[in-house]
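Here the structure is laid out as structure tokens; the discussion comes afterwards.
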Amino acid sequence: MSKSKTRTPWLDDEGDSTMVHEYAAQLGGFMDAMADGKVEKHELQSQEARVVELMKKIEPQLDPDLHEDVTRLLCELSAYNIMHTFHSLLDAAPKTKFRG
């Protein structure tokens with residue numbers, strides 16, 4: 001994601017799907033962490049530090065009503081990401097049981 005004066009859209013052109021996973025795939029830290037197929041503790045800590053830095057920057061700028069909406073958005077987005085990941089893992093799992 002580039003730093004520009006135009007807004008990065010949150011939703012696809014139809015407005016029914018988030019663009020979050022597409023944008024996450026463009027993040028250097030995310031791609032580095034995922035490259036070997038596992039997430040190390042230090043990679044998770046680095047990602048959390050980036051999130052905390054952005055929260056500290058943005059939170060003071062929000063009026064109380066917008067703060068509540070953004071808080072809810074972050075919580076819903078976190079739940080969606082967990083559900084999306086879980087669904088993807090289950091969908092990729094073998095469909096047959098081993099009978100040895």
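Values in this text are rule-based calculations from the coordinates and carry no lab data. What you see is a predicted model; the values in this text were computed from it and never measured. Cβ atoms come from the backbone with ideal geometry, glycine included; neighbour counts cover every protein chain shown.
Points to keep in mind about this one:
- Crossing angle, helix 64-92 versus the chain [Cα axis fit, 0-90 degrees, rounded to tens]: 10
- Relative contact order [Cα under 8 Å, 6+ residues apart], the chain, whole percent: 11
- Crossing angle, helix 41-58 versus the chain [Cα axis fit, 0-90 degrees, rounded to tens]: 20
- Where chymotrypsin sites (Phe, Trp or Tyr not before Pro) fall in DSSP loop in the range 6-71, at most 13 other Cβ within 10 Å: Trp10
- Per-pair calculated FRET efficiency, R0 = 25 Å: Glu59 and Thr6 via Cβ, rounded to 0.05: 0.60
- Of Leu27, Pro9, Gln45, farthest towards positive along the dipole that unit charges on Lys, Arg, Asp, Glu beta carbons give the chain: Gln45
- Two-site label geometry, Asp32 and Val52: point separation in nm, points 7 Å out along Cα→Cβ: 1.8
- Using Cβ point charges alone (K and R +1, D and E -1), the dipole size of the chain about the Cα centre works out to roughly 500 debye.
- Placing R0 at 22 angstrom, the Cβ-Cβ distance between Ala92 and Lys41 gives a FRET efficiency of 0.35 after rounding to 0.05.
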